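Report on the structure given below.
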Amino acid sequence: MAIALLAMSLAWAGPTASRPVSAQVPERPHLPSAGLSAPGVDVPCEPSADRPVPLILLHGTRSDRTINWSYLGPELAAMGFCVYSLDFPDRGQVPVPDSVAALAARVEEVKRETGAPKVSLFGHSLGGVVARDYVKRGGGLTMVEDVVAMGTSHTGYYTEPPGDQVDALFNTECHACFDQARGSDYMLGLNDGPDLTPGSASYTSIITAYDGVALPLESQYLPEGPEVANILLQDACPDHFVDHVTLALDPLVRDWVVNALERAGPADESRTVDCAPPLSRRGS
């Protein structure tokens with residue numbers, strides 16, 4: 001049941017073939033979040049010498065901080081990270097800049113609470129886009145140590161997804177869904193200019209070959225550079241199956257995130273990988 005709820009909540013659709021990207025998006029009913037943090041998340045925390053940078057978790061479209069981080073949030077908190085989260089307005093269905101503004105406010109709260117000069121950001125799908133936009137245009141250029149994204153279409157997903165499954169399952173509309181589409185005004189603005197990974201932050205993009213949402217898969221890759229790592233999970237573990245939704249429930253993803261956060265720079269693409277890590281490494 002928990003996985004089914006997660007699947008429904010994380011799912012978000014691209015625009016249909018009958019509606020151009022620039023079309024007016026109608027208002028839709030507000031979808032309130034439960035407003036509850038995952039265990040160990042958003043609790044008073046003092047950064048340690050080993051974990052000096054607090055981490056903010058950013059959920060995907062139509063999800064929330066309760067469901068999206070029910071596994072990875074407690075895991076990271078129990079491993080000594082100061083872990084925080086937020087709910088984007090209307091479960092992230094609002095125009096993406098509104099979610100970026102919400103993140104900017106949350107960063108200031110976390111910095112005040114912890115005394116840390118910087119934060120790290122870990123986003124799922126939409127959350128990765130919001131993280132990048134906050135660094136580039138939202139005031140976070142000097143505020144962020146690491147950007148870790150999973151299942152994020154950095155340059156925009158298909159405006160006409162293959163097959164009919166998107167229309168059949170997700171027939172409601174949202175501003176953020178259109179903003180994230182390839183060729184949208186929002187995506188063109190976000191990726192304008194030569195540098196998609198600005199500032200002093202390191203960037204790690206975690207990708208699964210079985211992602212059926214953030215397509216084409218190439219849109220999840222950031223331009224190569226010394227502060228960028230693109231991690232296709234199946235490069236190291238060819239038999240590992242995880243899709244767009246279950247990235248948030250995956251222990252292999254957890255280990256890549258920890259690697260990215262623990263070291264200077266992005267995740268180490270050449271590291272030796274345990275392809276069958278235990279479900280829990282809490283406190284290890």
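Derivation of every value follows stated rules applied to the coordinates shown; laboratory data play no part. All values derive from a computational prediction rather than experimental measurement. Cβ atoms come from the backbone with ideal geometry, glycine included; neighbour counts cover every protein chain shown.
Details
- Toward the positive end of the charge dipole of the range 87-127, with +1 on the Cβ of Lys and Arg and -1 on the Cβ of Asp and Glu, the farthest Cα among Val107, Pro89, Leu126 is that of Val107.
- Within-14-Å neighbourhood charge of Asp87 [Cβ basis; K, R +1; D, E -1]: -1
- Computed from label points 7 Å out along Cα-Cβ, the spacing between Tyr210 and Glu108 is 4.3 nm.
- Relative contact order, whole percent, for the range 224-284 stands at 41, derived from Cα pairs under 8 Å and 6 or more residues apart.
- Residue by residue, the range 82-87 carries 3J(HN,Hα) couplings of 7, 10, 10, 8, 7, 9 Hz when phi is fed to the Karplus relation 6.51 cos²θ - 1.76 cosθ + 1.60 (θ = phi - 60°); x denotes Gly or Pro.
- Extension gain, Asn191 to Phe241: 0.36 nm times the residue separation minus the Cα-Cα distance gives 15.0 nm.
- Computed lengthening from Val43 to Glu262, 0.36 nm per intervening residue step minus Cα-Cα distance: 76.7 nm
- For the range 56-71, 3J(HN,Hα) per residue [Karplus equation, 6.51 cos²θ - 1.76 cosθ + 1.60, θ = phi - 60°, Hz, x = Gly/Pro]: 10, 8, 10, 7, x, 4, 6, 9, 7, 6, 6, 7, 4, 10, 5, 9
- Under 5 Å from the amide H of Cys82 lie the amide H atoms of Leu55, each residue being 5 or more positions distant or on a separate chain, with H modelled from the backbone and absent for Pro and chain starts.
- What separates the Cα centres of the range 87-133 and the range 211-284 is a distance of 21 Å.
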